[in-house]
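Visitor: Sharing a structure here in structure tokens format.
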Amino acid sequence: MTSSETASANTGVSAYLGRLSVIMRQPAFRWFWLGSSTQAIAQGTQFLVIGWLVLEITSSSAQFGLVIFIYGVPNVAFLLVAGVLADRFDRRYVLIATQGGVCVITTALAFLTVADIVVIWHAYAAAGLLGAVQSLNMPARMTLVSDLVDEGSLLDAVAMQNAAVHAGRIVGPPVAGVIIEVWGLSASLFAISVCYAVSMAFVAKIDRTNQPAPSTGRSVFRNFTDGLSYIKNNSVILTVIVITCSFGGFGMSHFQIIPAMAKEVLDVGAAEVGLLLLASGVGSLIGSVMVPIIGVVRVYRSLIISLVLFAVFLTLFAWSSWFWVSWALFLVLGVVSLGSVWPLASTIIQLESPSEVRGRVMGVLQFTPGFHFLGAFPLALAAGEWGWGVAMTGAAVITLIISIWFGLLRKGAPDLSGRVTDRDTER
């Protein structure tokens, strides 16, 4: 029996819990999981904090959206390079270096805030630098999962890594909201820096991994083009990347500017925004924990279903003006978006791509969160012109159309009723 057949057979809840206990008993994965959790606390709150800083300086949703856009440009521009780095260098060292860079940037912004000399261009500069550094982090982080476990445990490991991220997002935003209300923005920025420093220490504890020896015989440009060629010639990978990136660029463009939307539509403060992000984190954690029960046979079908449900619930959320109704809808959105779409897409990509190009392929998939930020500015402008309900509904409809057409109806789309990949069963 192959590793994939074993994974397909072990899909019951009790078997799933047993598989998770095996993964968590591995010291390297446990350190990675702790590092991911700690980084997620910081990363899940950084735009709540920076966004609130921008709103205090300018009182402008459009300025907030512009800061997110400035973050998104280098975040997207460097992703393909980041995928090459993830394949050419030890991924642990890439994580440590990039986390150290983020720590320095947020600490500098915190000191400017303490000194009461922070102005809007400081937020622009911090956003651009964070976008560049964090783009180099994510392909290495996601690809490192497959270096720590065998292929039969990959879906479980991806789910656990995503659960770590969402657990951090559950803890971080409400705590950051309280810190802002009680001690101010500078204290929350220092807290973010500390979280990144602790995450660096956890990653440094990871010992040996299964990362193949880096290929240095070819140029960086050839590495880059080889990765793009592989994506182009694999219909499953191409389809998953296109529909997931559309989900990121249109559907998830609201996520980074929730503070502005909540302040204008729901008339709430930083603490309530933290509670709203808490709902998303709880929902995402629930979704990530449930995903491995699906099994590898049904991952593509589940991805399409999750995208359809996401468009429906985003539309409902867009028209809610009551805080607790919005809170409940945002929780459900967390289940079907970051809790389902992202781990399902990541699993398909890692199952479908061989280890020697996996970093580059994951680098392209990372356009998805990068597009969150690029889509924030036009969404904020559209909301200013037509209102948040119309703007977010339009984003949901575009996501739905691309998902259905490219993922199901076009010629060459993967078979919804069959396996996503036969690559692992052909060995």
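The values are calculated or read from the model by the stated rules, or taken from the named source; none is laboratory data. Bear in mind that the values here come from a model prediction, so they are computed numbers and not experimental data. Using ideal geometry, Cβ is built from the backbone for each residue, glycine included, and neighbour counts are taken over all protein chains shown.
Visitor: Out of the helices (runs of 4 or more DSSP H) lying entirely within the range 61-124, which hold 2 or more residues that are among the basic types (Lys, Arg) and under 24 Å from SER146 (Cβ atoms)?
Guide: Details: elements: 61-77, 79-88, 91-114.
So the answer is 91-114.
Visitor: How many residues does the range 148-173 contain that are over 15 Å from the mean Cα position of the chain (by Cα), within 19 Å of PRO292 (Cβ to Cβ) and outside any loop (DSSP other than H, G, I, E, B)?
Guide: Qualifying residue count, the range 148-173: 8.
Visitor: Here is a further query. Among the small types (Gly, Ala, Ser), modelled with pLDDT under 80, surrounded by fewer than 23 Cβ atoms within 10 Å (Cβ to Cβ) and closer than 30 Å to VAL357 by Cβ: does that describe ALA15? Explain how you work it out, then say what you get.
Guide: Values: among the small types (Gly, Ala, Ser): yes; modelled with pLDDT under 80: yes; surrounded by fewer than 23 Cβ atoms within 10 Å (Cβ to Cβ): yes; closer than 30 Å to VAL357 by Cβ: no.
It is false that ALA15 is among the small types (Gly, Ala, Ser), modelled with pLDDT under 80, surrounded by fewer than 23 Cβ atoms within 10 Å (Cβ to Cβ) and closer than 30 Å to VAL357 by Cβ.
Visitor: Also: Please go through the range 263-277 and give me each residue that is assigned to a helix (DSSP H, G or I) and touching a Gly at 6+ places or on another chain (Cβ under 9 Å), ordered by number.
Guide: We begin by selecting, within the range 263-277, every residue assigned to a helix (DSSP H, G or I); these are 263-266, 270-277.
Residues satisfying the conditions are LYS263, VAL265, ALA270, ALA271, GLU272, VAL273, GLY274, LEU275, LEU277.
Visitor: Residue check: is VAL220 at pLDDT 85 or above and either within 24 Å of ALA123 (Cα to Cα) or surrounded by fewer than 21 Cβ atoms within 10 Å (Cβ to Cβ) (or both)?
Guide: Values: at pLDDT 85 or above: no; either within 24 Å of ALA123 (Cα to Cα) or surrounded by fewer than 21 Cβ atoms within 10 Å (Cβ to Cβ) (or both): yes.
Taking the combined requirement at face value, the residue does not satisfy it.
Visitor: Continuing with the same structure: Within the range 312-334, how many residues turn out to be surrounded by fewer than 24 Cβ atoms within 10 Å (Cβ to Cβ) and touching a Gly at 6+ places or on another chain (Cβ under 8 Å)?
Guide: The qualifying residues number 4.
Visitor: Is there any pair with a first residue in the range 116-142 that is of a type in the set (Phe, Trp, Tyr) and a second that is crowded, with 20+ Cβ neighbours inside 10 Å whose Cβ atoms are under 7 Å apart and which are 6 or more apart or on different chains, and what are they?
Guide: Listed pairs, sorted by first residue: TYR124/VAL67; TYR124/ILE70.
Visitor: In addition: Before we move on, is GLY339 outside any helix (DSSP H, G or I) and crowded, with 18+ Cβ neighbours inside 10 Å? Step through it out loud before you land on a result.
Guide: Details: outside any helix (DSSP H, G or I): yes; crowded, with 18+ Cβ neighbours inside 10 Å: yes.
Considered against the rule, which asks whether it is outside any helix (DSSP H, G or I) and crowded, with 18+ Cβ neighbours inside 10 Å, GLY339 comes out as yes.
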